[in-house]
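The values are calculated or read from the model by the stated rules, or taken from the named source; none is laboratory data. This structure is a prediction, so every number in the text was calculated from the model and none was measured. FYI the Cβ positions are ideal-geometry reconstructions off the backbone, even for glycines, and counts take in every protein chain you see. Surface areas here come from the heavy atoms of the whole protein model, side chains and all, with no ligands, DNA or RNA. Shrake-Rupley method; radii C 1.70, N 1.55, O 1.52, S 1.80 Å.
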Amino acid sequence: MNKKLIGIGLAIVCLVSFGSCKPKQSAYKSVYEAAKEREVEENTPAAVTTPATTTPTYPTSSESVRKEKITPVYDADASGLRAYSVVIAAMGMKPNAESLKQRIENDGYKVILAQNEQGMYRVIIASFDSKDQASARKSEILAEYAAKGDATTLKSKYGIPFNDWWILQREY
């Protein structure tokens, strides 16, 4: 009789202890949701004021930027990575990023691979010290690719949408 009661007691304790556990959210899902929240926040237009006494070298850009702490994947790329970069793709797997890098370099561009703190690879086609320079170069490069074909043709050739490029501000 005592053994039966002890066995039933242990079964109840196990049911209560395991029943109170909730499945944890996967690490991928939580990082993805945090990135989506950040993207929504960063895409919300913010009022930008510039003093009337400053004269920019390039036309001022109202283009939004995403801020991230990134590091170059290859040491040789470290000297080319500046404060503002034109990102053409964000990829989760290094072989995919390297493949895209090779395709774009075949077109004559110097491409930099960088990785953020979440492990995503950023494929960067140009990097500058100012946002305006990066924005202007982004427009120039997109115009060059637009001359090569329509969006569907370019996407099938390179595997990325040409309407989703963005400016990354590097945080240190």
Original post:
Only one of (1) without any contact (Cβ under 8 Å) to a residue 60 or more places away in the chain; (2) farther than 18 Å from residue 67 by Cα fails for residue 122. Which number is that?
Top reply: (2)
Original post:
Do the conditions hold for residue 121, that is, is it at pLDDT 95 or above, of a type in the set (Phe, Trp, Tyr) and surrounded by 13 or more Cβ atoms within 10 Å (Cβ to Cβ)?
Top reply: yes
**OP:** Could you check, for region 159-166, whether at least one of its residues is buried (at least 17 other Cβ atoms within 10 Å of the Cβ), modelled with pLDDT of 90 or more, assigned to a loop (DSSP other than H, G, I, E, B) and within 21 Å of the chain's Cα centre (by Cα)?
**Re:** yes
Original post:
If you take the residues of region 64-104 that are open to solvent by 60 Å² or more (accessible area, probe 1.4 Å) and acidic (Asp, Glu), which of them is nearest to residue 139 (Cα to Cα)?
Top reply: 98
